[in-house]
Amino acid sequence: MNIKLITKALAFLLVLGVSLNVDAQRRKKNKTHHKKKTEAATTASKAKPKKGGIKPYDKVVTKEYKTDEGLFKVHSKDQNYLFEIPDSLLGKQMLMVTRIAKTANGIGFGGGKQNTQVLQWQKKHKNILLRVVSHVVVADSILPVYEAVVNSNFEPILYSFPIKAYSKDSTATVIDATPFFTKDVKAIGFPAASRKRYKITRMDKERSFIERINSYPKNVEVRHVKTYLSNQPPSNRSVGSISLEMSNSMILLPEKPMKRRYFDKRVGWFARSQTDYGLDEQKSKSLTYLDRWRLEVKDEDIEKFKRGELVEPKKPIVYYIDRATPKKWRKYLKQGIEDWQVAFEAAGFKNAIIAKDPPTKEEDPEWSPEDVRYSVVRYLASPIPNANGPHVSDPRSGEILESDINWYHNVMTLLHNWYFIQTAAINPEARTNKFKDEIMGRLIRFVSAHEVGHTIGLPHNMGSSVAYPVDSLRSATFTKKYGTAPSIMDYARFNYIAQPEDKGVALMPDIGPYDKYAIHWGYAPILGKTAKEEKPILNKWITDKADNPLYRFGHQQVVNIIDPSSQTEDLGDDAIKASDYGIKNLKRILPKLEEWTTEEGETYDELNTMYGQLLGQFNRYMGHVSSNIGGVYEHYKAVGQDGAVYTHVDKNHQKNALKFINVQLFETPKWLLDKNIFDKTQFSGSGDRIRGLQVRTLNRILKPGRLTRMLENEALNGTKAYTLISMMGDLRKGVWSELYTKKAIDPYKRNLQRAHLDRLDFLLNKAKDQRGRNDGGYFKQTAVNVSQSDIKPIVRGELKRLKRDIKRNIPTAKNTVTRYHLQDAVDRIDLILDPK
């Protein structure tokens, strides 16, 4: 036998034996270790869980808890609330909408939205995190820039919840949600601006609690009462605090976002924006897209739709009427909702918007207006004279998810007062303190349709009513065909222009040409196109109508009225002519006011109220006309359209506007001074009411921004402009007309003249610079540098001219009080010119 082979075999056996021995020892050691580990685990399972740690499900969700099934389970016991969040919802995006459900007196109205934010549940270690997700800055996830966008938008943690337990099948996580809603988490409570306004110092935990939490298939609704210590509460000041009931709606966003439709400011629409860094641009660019319902053509109806046939959408817009709504008003609210069907037919859909009664409690005890699957007209027993139509939309796409129209009982008071003052001169049905049900029902239908317009995406269109010539609104044929404005979204209330001889005229707007056009533009499906590919088509739809005033959109203006053709509460294409007709009607109403507002055995409260409403309507007319002075028209256009976007109001029209104000207001409107009404409604203040009307308009005309626009107009257009010097001279001749006519100055006019001096003093010595602002819609402000503009030299010159004219008239004053007034005016001017 070969010795080498034997040696190798022995060596191999030796190594093998050692290896087998080591493996055997390792298996024995592992077996022992596993046994010890199992024993340790068994011992640990029998041991008492650490305080505050993760516990068995049954130890957390005990039998004492009541469970509400829904988007996720909500377990409640006394004032404790547990959320059982399925793993399937982790990472899903949810929209949190915070509203004031019930408000303290003096703080807005119930239902007012305070905050919206997208939230996401995440599991991290032994906690569930609630993170705020931003959709303001985005980029496509497949692009390299996406990583930079993510790194620049780290999602803040709104709250961290320790995990209390896992569900028995380990597919859900239990957390205690109680502290999130009982602590002062500012993002879901009273907003910072309101805290500052009412000087809130802190939340009082002892007077704050959870009212209830309900879970529905697609949302969770939370109501919690918050009490804040306040140094300036709007009511009940002796308490030193404000109590509110807050509402938080947590809504699951759709798995697949709806296709967007891009915004164009030439068509009025509620919209939202994102800054997209993923576009092929050399700068960051904002994309703005519409808020709208997801109306889609059914697959089986696509060919019908292409042939131009009306089709029903996959899912229509449905509004339910609140069970609390008085029965006699329900049909009118429904009619206002379904009036929009004609507009959706213009977009290719039939039965796209439907009104329904909710099921009874017996039919469906689980039905609730808080369920996000249902949009509801909520009837609220509130003294607030208002209605509003908010909506909730997906920030990723603009899809409207639900909307609740808040209908406050006292909106009927508002409707009564408007209808009375604006139509009683020609409308016997309006001459009473209480309208017939069918009259009030028609007014409710009108407001219902207006508010529904907001809930389907449309803002106010204050540029609509100027499309109709003033005299056309006196025509029965015209108004019955077209209503009083092309859009029900204008504040074109009731027909104050029509005169008693204009029989059969329509008194209010309906769904008009603009409304049908806007709904077609926003909702008509464009099949087979991306949002970007739709834009040329949408642009053509606009340009096809661009020269027709019926289809013009004019944004609502707040505080400063720059564009006089886009005002609230006005009618017709000429404010001077329309207001003249309106004043004629007020002069007809005033002598009959006592007869139409009083009843045997009752007080004169209604007479006093309606006299105040009449003064308010007169003041609107003054506002409509005076806004033309220094006004600039704004007509939205895009590249490729002819003409200017901004155009100054015609010189003669501005001059005529001031002439109207001088005659109708600054020449004491003695017809408003009804001694019979004063004797029965007030012990004092008749003169101050007239003074207030005059001063408001005077100060409006002499706003620094308006004067600056007049100076700019002159610089740009020369003699074609109504110059500031000319306007100041015309105003002086109106306010101080007696200096030139040699007549006595009545007490009301003396008050106005002193107000004129006060305003000139403000412009010369107290007016401050203001920054220009244009937010693209509601708020505009002209930039003013008072010390470096021509305003001060012109005002100073006007004061010197006025002083000279006054001094000439002192020797020939008609009476002693007039002489004293003129002497005082000279002294006042001296103090203004030389305050030292």
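The values are calculated or read from the model by the stated rules, or taken from the named source; none is laboratory data. Every value quoted in this text rests on a predicted model; they were computed, and no experiment measured them. Here the Cβ is made from the backbone with ideal geometry for all residues, glycine too, and neighbour counts use every protein chain on show.
Being over 30 Å from Arg307 (Cα atoms) and surrounded by fewer than 17 Cβ atoms within 10 Å (Cβ to Cβ) is the requirement here; does Gly504 meet it? Let's see the steps before the verdict.
Working: over 30 Å from Arg307 (Cα atoms): yes; surrounded by fewer than 17 Cβ atoms within 10 Å (Cβ to Cβ): yes.
It is true that Gly504 is over 30 Å from Arg307 (Cα atoms) and surrounded by fewer than 17 Cβ atoms within 10 Å (Cβ to Cβ).
Considering only residues that are in contact (Cβ under 8 Å) with a residue 60 or more places away in the chain and either aromatic (Phe, Trp, Tyr) or surrounded by fewer than 17 Cβ atoms within 10 Å (Cβ to Cβ) (or both), look in the stretch 798-807 and name the one that is nearest to Ile725 (Cα to Cα). Spell out how you get there, then give the answer.
Quick first cut of the stretch 798-807, residues in contact (Cβ under 8 Å) with a residue 60 or more places away in the chain only: 798, 801-802, 805-806.
Applying the additional criterion that residues be either aromatic (Phe, Trp, Tyr) or surrounded by fewer than 17 Cβ atoms within 10 Å (Cβ to Cβ) (or both) yields 801, 805.
Details: Arg801: 12, Asp805: 17 Å.
Per the criteria, the residue is Arg801.
Quick one: in the stretch 464-487, which of the residues that are without any contact (Cβ under 8 Å) to a residue 60 or more places away in the chain and closer than 29 Å to Asn388 by Cα is surrounded by the fewest Cβ atoms within 10 Å (Cβ to Cβ)?
Out of the qualifying residues, it is Lys481.
With the requirement that a residue be among the hydrophobic types (A, V, I, L, M, F, W, C) and over 22 Å from Trp340 (Cα atoms), what does the stretch 461-490 give you?
Here is the first cut: in the stretch 461-490, the residues among the hydrophobic types (A, V, I, L, M, F, W, C) are 462, 466-467, 470, 473, 476, 478, 485, 488-489.
Listed by number, the residues that qualify are Val466, Val470, Leu473, Ala476.
Quick one: would you say Lys720 is crowded, with 18+ Cβ neighbours inside 10 Å and either at pLDDT below 95 or under 24 Å from Thr782 (Cβ atoms) (or both)?
Working: crowded, with 18+ Cβ neighbours inside 10 Å: no; either at pLDDT below 95 or under 24 Å from Thr782 (Cβ atoms) (or both): yes.
No, not satisfied.
When you look at Trp329, is it within 27 Å of the chain's Cα centre (by Cα), crowded, with 17+ Cβ neighbours inside 10 Å and under 26 Å from Ala518 (Cα atoms), yes or no? Spell out how you get there, then give the answer.
Details: within 27 Å of the chain's Cα centre (by Cα): yes; crowded, with 17+ Cβ neighbours inside 10 Å: yes; under 26 Å from Ala518 (Cα atoms): no.
For Trp329, the condition - within 27 Å of the chain's Cα centre (by Cα), crowded, with 17+ Cβ neighbours inside 10 Å and under 26 Å from Ala518 (Cα atoms) - is not met.
Can you name every residue in the stretch 213-260 that is closer than 30 Å to Lys529 by Cα and among the aliphatic types (A, V, I, L, M)?
Hits for the stretch 213-260 are Ile251, Leu252, Leu253, Met258.
Report, by residue number, each residue of the stretch 355-369 that is free of Cβ contacts under 8 Å to residues at least 24 places away in the same chain and hydrophobic (A, V, I, L, M, F, W, C).
Trp367
Yes or no: the stretch 744-759 includes at least one residue that is among the basic types (Lys, Arg), within 39 Å of the chain's Cα centre (by Cα) and outside the structural domain of Pro793 (by TED's automatic domain parsing).
No: the stretch 744-759 contains no residue that is among the basic types (Lys, Arg), within 39 Å of the chain's Cα centre (by Cα) and outside the structural domain of Pro793 (by TED's automatic domain parsing).
When both residues are 6+ apart or on different chains and their Cβ atoms are under 9 Å apart, which pairs have a first residue that lies in the stretch 578-607 and is farther than 14 Å from Phe420 by Cα and assigned to a helix (DSSP H, G or I), and a second that is at pLDDT below 95 and hydroxyl-bearing (Ser, Thr, Tyr)?
Asp605/Thr681
What's the number of the only condition in (1) over 36 Å from the mean Cα position of the chain (by Cα); (2) modelled with pLDDT of 95 or more that Tyr740 fails to meet?
The failed condition is (2).
How many of the residues making up the stretch 131-172 are part of a strand (DSSP E or B), in contact with a Phe, Trp or Tyr (Cβ under 9 Å, 6 or more places away or on another chain) and either modelled with pLDDT under 80 or under 26 Å from Arg272 (Cβ atoms) (or both)?
Residues that pass the stated criteria total 5.
Only one of (1) more than 25 Å from Leu90 (Cα to Cα); (2) among the charged types (D, E, K, R); (3) out of contact with any helix residue (DSSP H, G or I) (no Cβ under 6 Å at 6 or more places or on another chain) is not met by Lys256, so which one is it?
Unmet condition: (1).
Hey, Tyr491 hits all of (1) aromatic (Phe, Trp, Tyr); (2) touching a residue at least 60 places away in the same chain (Cβ under 8 Å); (3) part of a helix (DSSP H, G or I) but one; which does it fall short on?
Tyr491 satisfies all of (1) aromatic (Phe, Trp, Tyr); (2) touching a residue at least 60 places away in the same chain (Cβ under 8 Å); (3) part of a helix (DSSP H, G or I) except (3).
What is the residue count in the stretch 417-436 for residues that are in contact with a Lys or Arg (Cβ under 6 Å, 6 or more places away or on another chain) and surrounded by fewer than 17 Cβ atoms within 10 Å (Cβ to Cβ)?
0
When the residues of the stretch 49-96 are narrowed to those that are in a loop (DSSP other than H, G, I, E, B) and β-branched (Val, Ile, Thr), which ends up surrounded by the most Cβ atoms within 10 Å (Cβ to Cβ)?
Narrowing the stretch 49-96 to residues in a loop (DSSP other than H, G, I, E, B): 49-54, 56, 61-65, 69-72, 78-79, 90-92.
Pick out the ones that are also β-branched (Val, Ile, Thr) and you get 54, 61-62.
Details: Ile54: 15, Val61: 21, Thr62: 10.
The selected residue is Val61.
Give me the pairs: first residue in the stretch 660-676 and outside the structural domain of Glu738 (by TED's automatic domain parsing), second residue charged (D, E, K, R) and surrounded by fewer than 18 Cβ atoms within 10 Å (Cβ to Cβ), beta-carbon distance under 7 Å, and six or more apart or on different chains, which are they?
Close Cβ pairs satisfying both conditions: Thr668/Asp746; Trp671/Lys587.
Name the residues in the stretch 350-391 that are part of a strand (DSSP E or B) and not hydroxyl-bearing (Ser, Thr, Tyr), would you? If you could, list the steps in order and put the result at the bottom.
Pass one, the stretch 350-391, residues part of a strand (DSSP E or B): 353-356, 375-380, 387-388, 391.
Listed by number, the residues that qualify are Ile353, Ile354, Ala355, Lys356, Val376, Val377, Arg378, Leu380, Ala387, Asn388, His391.
Picking from His624, His635, His648, which residue would you name as being touching a strand residue (DSSP E or B) at 6+ places or on another chain (Cβ under 6 Å) and buried (at least 20 other Cβ atoms within 10 Å of the Cβ)? Steps first, answer last, please.
Working: His624 fails: touching a strand residue (DSSP E or B) at 6+ places or on another chain (Cβ under 6 Å); His635 fails: touching a strand residue (DSSP E or B) at 6+ places or on another chain (Cβ under 6 Å).
Exactly one of His624, His635, His648 is touching a strand residue (DSSP E or B) at 6+ places or on another chain (Cβ under 6 Å) and buried (at least 20 other Cβ atoms within 10 Å of the Cβ), namely His648.
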